[in-house]
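Here the structure is laid out as structure tokens; the discussion comes afterwards.
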Amino acid sequence: SLKAPVSLDEISEKISVKNIEYYKIDEVTFQKVVDALIYKKPLKIYYYSPHKDESTERDILPLHLLQYMGSWHLIAHCSLRDEIRDFALSRIHRIKPSSHKINPKITSSSIKKYIRKNFGLLSSETTIYVCLKFSSNIAPWISEQIWHPAQDVINNADGSLCLKFPVADYREIKREILRYGSEVEVLYPEELRDEVKKEIEKMKKIYW
């Protein structure tokens, strides 16, 4: 006999998503972004950068909405930079329709390439390859993970695992490295090893 189609209510009762450390998003901002994305309308946003501790006014054309590690990100063409940029919705302080004409020659494949190029979301013209060595204690769990579509995995005879993948910036990957503590070692680049060492020295001043 034919089974009746499952309703969305039934599915929602049996499937859940749980996030921690996620970012608060203004509902009005989210709705305006979705509307502009669907109807291909430009927006004027007032965007705060915590890295530079400054706010800028930008005219953008929304291209893609991405949920990444508890944070909503808008991939858009920015007229200020005249290139594809990533904007965290939690950092948009004001938003309204824009009369600015933005007609970028961008394909869906170029957007996907922007998202997938390097580890995390930070982008740069330069790509740097990182190699991390995970201890045998944590290697079985790391072997189940995809850190980057183009990653290389080497399983060592002692049970440890080496993971190699491209990054554009050290900030995101450094946080991940510190999360695994003594179970991971940066094999290269040397510059990243030095940054991790400096962070450990700062931590020692707090805990010792």
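What the table below lists for this structure:
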| quantity | calculated |
| --- | --- |
| Candidate set: the stretch 155-167, residues that are assigned to a strand (DSSP E or B) and more than 14 Å from Val184 (Cβ to Cβ); chosen: the one nearest to the chain's Cα centre (by Cα) | Val167 |
| Candidates Tyr188, Tyr129, Tyr207 - the one that is exposed (fewer than 15 other Cβ atoms within 10 Å of the Cβ), in contact (Cβ under 8 Å) with a residue 60 or more places away in the chain and either in contact with an Asp or Glu (Cβ under 7 Å, 6 or more places away or on another chain) or not acidic (Asp, Glu) (or both) | Tyr129 |
| The listed residue being outside the structural domain of Ala168 (by TED's automatic domain parsing) and modelled with pLDDT under 85, out of Arg81, Arg94 | Arg81 |
| Subset of the stretch 67-92 (residues that are assigned to a strand (DSSP E or B), surrounded by fewer than 16 Cβ atoms within 10 Å (Cβ to Cβ) and not acidic (Asp, Glu)) | Gln67, Tyr68 |
| Residue among Ser135, Ser160, Ser123 that alone is at pLDDT below 95 and either in the same structural domain as Arg81 (by TED's automatic domain parsing) or of a type outside the set (Val, Ile, Thr) (or both) | Ser123 |
| Candidates Ile60, Ile111, Ile106, Ile95, filtered to the one that is in a helix (DSSP H, G or I) and not polar (S, T, N, Q) | Ile111 |
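Per-residue answers, yes or no, for (1) closer than 29 Å to Lys105 by Cβ; (2) over 21 Å from the mean Cα position of the chain (by Cα):
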{"site": "Ile15", "(1), (2)": "no, yes"}
{"site": "Ile20", "(1), (2)": "no, no"}
{"site": "Tyr48", "(1), (2)": "no, no"}
{"site": "Pro62", "(1), (2)": "yes, no"}
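The values are calculated or read from the model by the stated rules, or taken from the named source; none is laboratory data. Everything numeric here is computed off the predicted structure, so don't read it as measured data. Neighbour counts are summed over all protein chains in view; Cβ atoms, including those assigned to glycine, are modelled from backbone coordinates with ideal geometry.
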